[in-house]
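K.L.:
Sharing a structure with you now.
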Amino acid sequence: MILNLRVMAPNRIVWNSEVQEVILSTNSGQIGILPNHAPLLTALDIGVMRIRINEQWSNMALMGGFATIDNNQITILVNEAERAIDINPEEAQDAFQKAQTDMARAKGKKETIEANLAFKRAKARLETINVN
């Protein structure tokens, strides 16, 4: 059995192919999706999505969105997505360190929320390239 996975960002289709397994970061934790999964609509958290094709795993950073699963079709709508192979490791590490510093220096509610979101995005990108 095969799953059809489609990941769409506002400006492009990030992924569109058949896969064997998907692991998503939802707002309530990680979920694994295999063929014949029960129908589901879920919100996605900022985090890493893992995709298995044959015995090879690929990773993608998702910046929040929604996923629907129905009849072996997975459709993911995200604010932004980035495949691990497209992430520059040095840039990701620098962004993570800057986000940590900005979070520590944040003052006020709005600045703290923005710093926390930037930190979560930077952390997701870094985890995407470091997940095996």
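Just so it is clear, none of the values below were taken in a lab; they were calculated from the coordinates. None of these values were measured; they are calculated from a predicted model. Virtual Cβ from ideal backbone geometry, glycine too; neighbours counted across all protein chains shown.
K.L.:
Please state the Cα pair-distance histogram of the stretch 87-130 with 10 angstrom bins from zero: what percent is in each bin?
P.N.:
35, 46, 17, 2
K.L.:
Measure nothing fancy, just the Cα-based angle from helix 109-130's long axis to the longest principal axis of the chain, in degrees from 0 to 90, nearest 10.
P.N.:
50 degrees
K.L.:
What dipole magnitude, in Debye to the nearest 20, does the chain give about its Cα centre under +1 on Lys/Arg Cβ and -1 on Asp/Glu Cβ?
P.N.:
On the way: 14 positive and 15 negative charges, 84 e Å.
For the chain, the charge dipole is close to 400 debye.
K.L.:
About the Cα centre of the stretch 87-130, what is the dipole size in debye to 20, counting +1 per Lys and Arg Cβ and -1 per Asp and Glu Cβ, all else neutral? All intermediate terms of the calculation are to be shown ahead of the outcome.
P.N.:
Working: 9 positive and 7 negative charges, 63 e Å.
Roughly 300 debye, rounded to the nearest 20.
K.L.:
To the nearest 10 degrees, how steeply does helix 89-105 sit against the main Cα axis of the chain, on a 0 to 90 scale?
P.N.:
50 degrees
K.L.:
Name the residue from PHE96, LEU117, ILE129 whose Cα lies farthest towards the positive end of the charge dipole of the stretch 87-130, charges +1 on Cβ of Lys and Arg and -1 on Cβ of Asp and Glu.
P.N.:
Farthest along the dipole direction, towards plus: LEU117.
K.L.:
Mind ranking 97-108, 49-60 by how tightly packed they are, going by the mean number of other C-beta atoms within 10 angstrom, highest first? Walk me through the intermediate numbers first.
P.N.:
On the way: 97-108: 13.2, 49-60: 15.8.
Most protected by this proxy first, the peptides run 49-60, 97-108.
K.L.:
How high is the relative contact order of the chain, in percent, with contacts defined as C-alpha pairs under 8 Å that are six or more residues apart?
P.N.:
Numbers: 271 pairs, mean separation 30.2, N = 132.
This gives 23 percent for the chain.
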